[in-house]
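The values are calculated or read from the model by the stated rules, or taken from the named source; none is laboratory data. Note that the structure is predicted; figures quoted are calculated from it, not measured. When we count neighbours, we look across all protein chains shown, and the Cβ atoms used for this are built from the backbone with ideal geometry, even at glycine. These area figures cover heavy atoms from the full protein model, side chains too; ligands, DNA and RNA do not enter into them. Shrake-Rupley method; radii C 1.70, N 1.55, O 1.52, S 1.80 Å.
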Amino acid sequence: MYRFLLTRQWVILTLLGLVLIPTMIELGFWQFHRHEHRVEQNSLISRNLDAQPVPVTELTSPGHTVPRSDYWRTVTATGTFDTEHEVVVRRRTSDDDRIGVHVLTPLDLKDGGTVLVNRGWVPAAPNQTAFPDVPPAPRGEVTVTGRLKADETTGSSGIKDLAGLPDRQVMLINSEQQSQLLSRTVLGGYIEQTEPAPSGDLPEQIARPDDSSIGPHMAYAVQWWLFVAAVPVGWIILVRREKRDREQAAAENATAEAAEQPEPASA
(Lines give C-alpha, C1' and ligand atoms only; values in the text may rest on other atoms or scores of the structure.)
Protein backbone atom coordinates (compact mmCIF):
# COMPACT_ATOMS: atom_id res chain seq x y z
CA MET A 1 0.00 0.00 0.00
CA TYR A 2 3.01 2.32 0.12
CA ARG A 3 3.84 2.03 -3.58
CA PHE A 4 2.13 5.40 -4.06
CA LEU A 5 5.28 6.97 -2.53
CA LEU A 6 7.01 6.22 -5.86
CA THR A 7 4.55 8.33 -7.83
CA ARG A 8 5.78 11.62 -9.25
CA GLN A 9 3.62 13.69 -6.90
CA TRP A 10 4.97 12.02 -3.78
CA VAL A 11 8.59 12.00 -4.98
CA ILE A 12 8.41 15.76 -5.55
CA LEU A 13 6.74 16.32 -2.17
CA THR A 14 9.38 14.22 -0.39
CA LEU A 15 12.28 15.98 -2.14
CA LEU A 16 10.76 19.35 -1.29
CA GLY A 17 10.63 18.38 2.38
CA LEU A 18 14.26 17.20 2.29
CA VAL A 19 15.29 20.57 0.84
CA LEU A 20 13.24 22.59 3.31
CA ILE A 21 14.67 20.90 6.42
CA PRO A 22 18.34 22.04 6.08
CA THR A 23 17.21 25.41 4.72
CA MET A 24 15.07 26.13 7.76
CA ILE A 25 17.78 24.86 10.11
CA GLU A 26 20.18 27.36 8.54
CA LEU A 27 17.63 30.17 8.78
CA GLY A 28 17.16 29.35 12.45
CA PHE A 29 20.90 29.60 13.12
CA TRP A 30 21.04 32.85 11.14
CA GLN A 31 18.41 34.38 13.42
CA PHE A 32 20.17 32.91 16.46
CA HIS A 33 23.46 34.55 15.46
CA ARG A 34 21.63 37.86 14.98
CA HIS A 35 20.26 37.45 18.51
CA GLU A 36 23.77 36.84 19.84
CA HIS A 37 25.06 39.91 17.98
CA ARG A 38 22.26 42.05 19.45
CA VAL A 39 22.99 40.83 22.99
CA GLU A 40 26.71 41.50 22.49
CA GLN A 41 26.02 44.99 21.15
CA ASN A 42 23.69 45.78 24.06
CA SER A 43 26.46 44.78 26.47
CA LEU A 44 28.96 46.98 24.61
CA ILE A 45 26.59 49.97 24.65
CA SER A 46 25.86 49.60 28.37
CA ARG A 47 29.50 49.12 29.27
CA ASN A 48 30.71 52.11 27.25
CA LEU A 49 27.92 54.44 28.36
CA ASP A 50 28.62 53.60 32.00
CA ALA A 51 32.38 54.12 31.66
CA GLN A 52 33.93 57.23 33.14
CA PRO A 53 34.21 60.16 30.68
CA VAL A 54 37.66 60.69 29.16
CA PRO A 55 39.09 63.48 26.98
CA VAL A 56 38.30 62.79 23.35
CA THR A 57 41.99 63.00 22.44
CA GLU A 58 42.64 59.85 24.50
CA LEU A 59 40.50 57.78 22.14
CA THR A 60 41.00 59.35 18.74
CA SER A 61 43.36 61.46 16.68
CA PRO A 62 43.53 62.88 13.13
CA GLY A 63 42.97 60.09 10.61
CA HIS A 64 42.05 57.60 13.33
CA THR A 65 39.31 55.06 12.67
CA VAL A 66 37.22 54.66 15.81
CA PRO A 67 37.03 50.91 16.56
CA ARG A 68 33.78 49.24 17.47
CA SER A 69 35.03 48.70 21.02
CA ASP A 70 35.02 52.50 21.52
CA TYR A 71 31.57 53.22 20.04
CA TRP A 72 29.39 55.22 22.45
CA ARG A 73 32.23 55.90 24.89
CA THR A 74 31.54 59.07 26.84
CA VAL A 75 34.13 61.73 25.98
CA THR A 76 34.72 65.38 26.76
CA ALA A 77 36.18 68.16 24.65
CA THR A 78 36.94 71.78 25.58
CA GLY A 79 37.22 74.46 22.94
CA THR A 80 35.36 77.00 20.82
CA PHE A 81 32.66 76.24 18.27
CA ASP A 82 33.49 77.27 14.69
CA THR A 83 29.97 78.22 13.57
CA GLU A 84 31.29 79.75 10.34
CA HIS A 85 32.02 76.24 9.06
CA GLU A 86 28.92 74.60 10.49
CA VAL A 87 27.13 72.19 8.11
CA VAL A 88 23.90 70.21 8.22
CA VAL A 89 23.54 66.51 7.49
CA ARG A 90 20.53 65.84 5.28
CA ARG A 91 17.77 63.22 5.59
CA ARG A 92 17.96 62.59 9.31
CA THR A 93 14.97 61.77 11.51
CA SER A 94 13.98 62.95 14.96
CA ASP A 95 12.92 60.64 17.78
CA ASP A 96 9.33 60.85 16.51
CA ASP A 97 10.37 60.13 12.90
CA ARG A 98 10.14 63.66 11.50
CA ILE A 99 12.47 64.31 8.58
CA GLY A 100 15.08 66.97 9.11
CA VAL A 101 18.83 67.47 9.44
CA HIS A 102 21.59 67.03 11.99
CA VAL A 103 23.68 70.06 12.91
CA LEU A 104 27.40 69.35 12.61
CA THR A 105 29.64 72.01 14.13
CA PRO A 106 33.46 71.91 14.33
CA LEU A 107 34.88 72.46 17.81
CA ASP A 108 38.39 73.95 17.83
CA LEU A 109 40.03 72.35 20.83
CA LYS A 110 41.73 74.40 23.50
CA ASP A 111 44.93 72.35 23.20
CA GLY A 112 44.88 72.31 19.40
CA GLY A 113 43.09 70.33 16.75
CA THR A 114 39.43 70.14 15.78
CA VAL A 115 36.70 67.63 16.50
CA LEU A 116 33.27 67.42 14.88
CA VAL A 117 30.24 67.73 17.16
CA ASN A 118 26.76 66.55 16.19
CA ARG A 119 24.66 69.03 18.16
CA GLY A 120 21.36 67.32 17.29
CA TRP A 121 18.32 67.45 15.03
CA VAL A 122 16.45 70.43 13.60
CA PRO A 123 13.68 70.60 10.95
CA ALA A 124 14.81 70.97 7.36
CA ALA A 125 14.17 74.21 5.49
CA PRO A 126 10.99 74.30 3.34
CA ASN A 127 13.25 74.71 0.34
CA GLN A 128 15.83 71.93 0.22
CA THR A 129 18.40 74.22 -1.35
CA ALA A 130 18.20 76.65 1.57
CA PHE A 131 20.13 76.38 4.82
CA PRO A 132 17.72 75.62 7.69
CA ASP A 133 17.18 77.79 10.73
CA VAL A 134 19.78 76.51 13.19
CA PRO A 135 20.00 77.77 16.79
CA PRO A 136 23.47 79.20 17.39
CA ALA A 137 26.08 77.22 19.27
CA PRO A 138 27.33 78.58 22.60
CA ARG A 139 29.88 81.38 22.29
CA GLY A 140 33.26 81.35 23.90
CA GLU A 141 35.00 78.42 25.48
CA VAL A 142 32.74 75.47 26.21
CA THR A 143 33.19 71.92 27.44
CA VAL A 144 31.19 69.42 25.42
CA THR A 145 30.30 65.95 26.67
CA GLY A 146 28.95 63.28 24.36
CA ARG A 147 29.19 59.83 22.83
CA LEU A 148 32.08 59.01 20.52
CA LYS A 149 30.97 57.71 17.14
CA ALA A 150 32.85 56.45 14.09
CA ASP A 151 32.95 58.26 10.76
CA GLU A 152 30.01 57.45 8.52
CA THR A 153 30.62 55.89 5.11
CA THR A 154 28.23 54.67 2.46
CA GLY A 155 29.27 51.11 3.24
CA SER A 156 28.67 51.36 6.98
CA SER A 157 25.51 53.49 6.90
CA GLY A 158 23.87 52.59 3.59
CA ILE A 159 23.52 56.33 2.85
CA LYS A 160 24.58 57.37 -0.64
CA ASP A 161 27.00 60.29 -0.65
CA LEU A 162 25.37 62.58 -3.22
CA ALA A 163 27.35 65.12 -5.21
CA GLY A 164 26.28 68.65 -6.08
CA LEU A 165 24.55 69.43 -2.78
CA PRO A 166 23.78 73.01 -1.75
CA ASP A 167 26.45 74.89 0.16
CA ARG A 168 27.04 73.68 3.74
CA GLN A 169 24.95 70.55 3.29
CA VAL A 170 26.34 67.00 3.42
CA MET A 171 25.00 63.46 3.44
CA LEU A 172 27.53 61.82 5.77
CA ILE A 173 29.32 62.73 8.98
CA ASN A 174 32.89 62.09 7.94
CA SER A 175 35.99 63.68 9.48
CA GLU A 176 38.11 63.24 6.35
CA GLN A 177 35.59 65.11 4.20
CA GLN A 178 35.30 67.91 6.73
CA SER A 179 39.07 68.10 7.11
CA GLN A 180 39.36 68.82 3.40
CA LEU A 181 36.64 71.48 3.60
CA LEU A 182 38.22 73.09 6.66
CA SER A 183 41.78 72.80 5.33
CA ARG A 184 42.98 71.62 8.74
CA THR A 185 43.33 68.35 10.61
CA VAL A 186 40.24 66.90 12.27
CA LEU A 187 40.09 64.11 14.82
CA GLY A 188 38.69 60.84 13.47
CA GLY A 189 35.04 60.15 14.23
CA TYR A 190 32.77 62.67 15.92
CA ILE A 191 31.01 63.48 19.18
CA GLU A 192 27.27 63.00 19.60
CA GLN A 193 26.60 65.83 22.05
CA THR A 194 24.72 65.19 25.30
CA GLU A 195 25.94 68.20 27.35
CA PRO A 196 25.48 71.08 27.59
CA ALA A 197 21.78 70.87 26.82
CA PRO A 198 20.44 73.44 24.32
CA SER A 199 18.94 76.61 25.80
CA GLY A 200 15.68 76.02 23.88
CA ASP A 201 13.87 73.11 22.27
CA LEU A 202 16.35 72.88 19.40
CA PRO A 203 18.55 71.23 18.41
CA GLU A 204 16.98 68.02 19.69
CA GLN A 205 19.86 65.99 21.04
CA ILE A 206 20.25 62.42 19.80
CA ALA A 207 18.56 59.90 22.09
CA ARG A 208 20.58 57.43 24.12
CA PRO A 209 21.02 54.20 22.13
CA ASP A 210 18.77 51.32 23.16
CA ASP A 211 20.70 48.78 25.20
CA SER A 212 17.76 46.80 26.58
CA SER A 213 15.76 45.45 23.65
CA ILE A 214 16.95 42.14 22.22
CA GLY A 215 14.49 42.12 19.34
CA PRO A 216 12.53 39.14 17.97
CA HIS A 217 15.49 37.19 16.55
CA MET A 218 15.50 34.42 19.17
CA ALA A 219 11.77 33.91 18.71
CA TYR A 220 12.28 33.71 14.94
CA ALA A 221 15.06 31.13 15.42
CA VAL A 222 12.81 28.92 17.56
CA GLN A 223 10.02 29.36 15.00
CA TRP A 224 12.23 28.13 12.14
CA TRP A 225 13.34 25.11 14.17
CA LEU A 226 9.73 24.27 15.00
CA PHE A 227 9.02 24.36 11.27
CA VAL A 228 11.87 21.83 10.84
CA ALA A 229 10.14 19.45 13.25
CA ALA A 230 6.80 20.05 11.54
CA VAL A 231 8.03 18.91 8.11
CA PRO A 232 8.54 15.17 8.89
CA VAL A 233 5.50 15.13 11.17
CA GLY A 234 3.38 16.65 8.41
CA TRP A 235 4.86 14.22 5.87
CA ILE A 236 3.96 11.22 8.03
CA ILE A 237 0.41 12.51 8.56
CA LEU A 238 -0.05 12.96 4.82
CA VAL A 239 1.33 9.48 4.11
CA ARG A 240 -1.01 7.87 6.62
CA ARG A 241 -3.96 9.83 5.28
CA GLU A 242 -3.12 8.78 1.73
CA LYS A 243 -2.76 5.14 2.82
CA ARG A 244 -6.08 5.26 4.65
CA ASP A 245 -7.85 6.85 1.70
CA ARG A 246 -6.42 4.25 -0.68
CA GLU A 247 -7.39 1.37 1.62
CA GLN A 248 -10.89 2.78 1.96
CA ALA A 249 -11.20 3.20 -1.79
CA ALA A 250 -9.94 -0.38 -2.36
CA ALA A 251 -12.44 -1.73 0.15
CA GLU A 252 -15.29 0.18 -1.46
CA ASN A 253 -14.27 -1.11 -4.89
CA ALA A 254 -14.15 -4.67 -3.60
CA THR A 255 -17.62 -4.29 -2.07
CA ALA A 256 -18.99 -2.85 -5.31
CA GLU A 257 -17.47 -5.65 -7.38
CA ALA A 258 -18.94 -8.28 -5.04
CA ALA A 259 -22.36 -6.68 -5.32
CA GLU A 260 -22.20 -6.74 -9.11
CA GLN A 261 -21.43 -10.48 -9.31
CA PRO A 262 -24.56 -12.64 -10.06
CA GLU A 263 -25.86 -14.86 -7.34
CA PRO A 264 -25.30 -18.61 -7.94
CA ALA A 265 -28.34 -20.49 -9.28
CA SER A 266 -30.25 -22.59 -6.71
CA ALA A 267 -30.38 -26.40 -7.17
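With Cα atoms defining each centre, the stretch 39-88 and the stretch 215-251 are spaced 53 Å apart in the structure.
Calculated FRET efficiency, Ala259 to Ile12, Cβ-Cβ distance, R0 = 45 Å: about 0.75 to the nearest 0.05. Within the shell defined by Cβ-Cβ distances under 11 Å, the residues around Leu202 carry a net charge of -2, with Lys and Arg each +1 and Asp and Glu each -1. Taking other residues whose beta carbon is less than 11 angstrom from the beta carbon of Val88, and scoring Lys, Arg as +1 and Asp, Glu as -1, yields +2. Eigenvalues of the alpha-carbon gyration tensor of the stretch 61-102, scaled by 5 and square-rooted, set the equivalent ellipsoid semi-axes at 24, 18, 11 angstrom, largest first.
Ranking Glu86, Glu260 from most to least accessible surface, computed with a 1.4 Å probe over the protein chains only, gives Glu260, Glu86. Using the Cβ-Cβ distance between Ala130 and Thr80 with R0 = 25 Å, the FRET efficiency computed as 1/(1 + (r/R0)^6) comes to roughly 0.40. Each residue of the stretch 10-58 gets 69 Å³ once the volume of the Cα convex hull is shared out per residue. Electrostatic tally near Val66: other residues with Cβ closer than 13 Å to its Cβ, Lys and Arg +1, Asp and Glu -1, net -2. For the pair Arg47 and Glu141, a Förster radius of 41 Å applied to the C-beta separation gives a FRET efficiency near 0.85, rounded to the nearest 0.05. Taking a cut-off of 16 Å, what percent of all Cα-Cα pairs in the stretch 164-267 are separated by more than that? Percent of Cα pairs beyond 16 Å in the stretch 164-267: 82.
Put one equal scatterer on each alpha carbon of the chain, apply the Debye formula with no solvent term, and list log10 I(q)/I(0) at q = 0.14 1/Å to two decimals. Listed by q, the Debye log ratios stand at -0.99. Each 5 Å bin from zero holds the following percent of Cα-Cα pairs in the stretch 1-160: 2, 7, 11, 13, 14, 13, 9, 5, 4, 4, 4, 4, 3, 3, 2, 1, 1, 0, 0. Toward the positive end of the charge dipole of the chain, with +1 on the Cβ of Lys and Arg and -1 on the Cβ of Asp and Glu, the farthest Cα among Gly234, Thr114, Thr60 is that of Gly234. Sorting Thr255, Thr154 on solvent-accessible area from highest to lowest, probe radius 1.4 Å, gives Thr255, Thr154. Given +1 at the Cβ of Lys and Arg, -1 at the Cβ of Asp and Glu and no other charges, the dipole of the chain around its Cα centre is 520 debye to the nearest 20. Divide by every residue of the chain the summed helix terms, -39500 (n - 2.57) for each DSSP H run of at least 4, and state the resulting mean residue ellipticity at 222 nm, rounded to the nearest 500 deg cm²/dmol. Helices in the chain give a 222 nm mean residue ellipticity of -13000 deg cm²/dmol.
Of the three principal axes defined by the Cα atoms of the stretch 99-202, the extents in descending order read 35, 30, 23 Å. Computed over the alpha carbons of the stretch 146-207, Rg followed by Dmax gives 13.4, 36 Å.
Taking Cα centre as origin and charging only the Cβ of basic (Lys, Arg, +1) and acidic (Asp, Glu, -1) residues, the dipole magnitude of the stretch 119-170 rounds to 140 debye. Each Lys and Arg adds +1 at its Cβ and each Asp and Glu adds -1 at its Cβ; summed about the Cα centre, the stretch 60-212 shows a dipole of about 220 debye.
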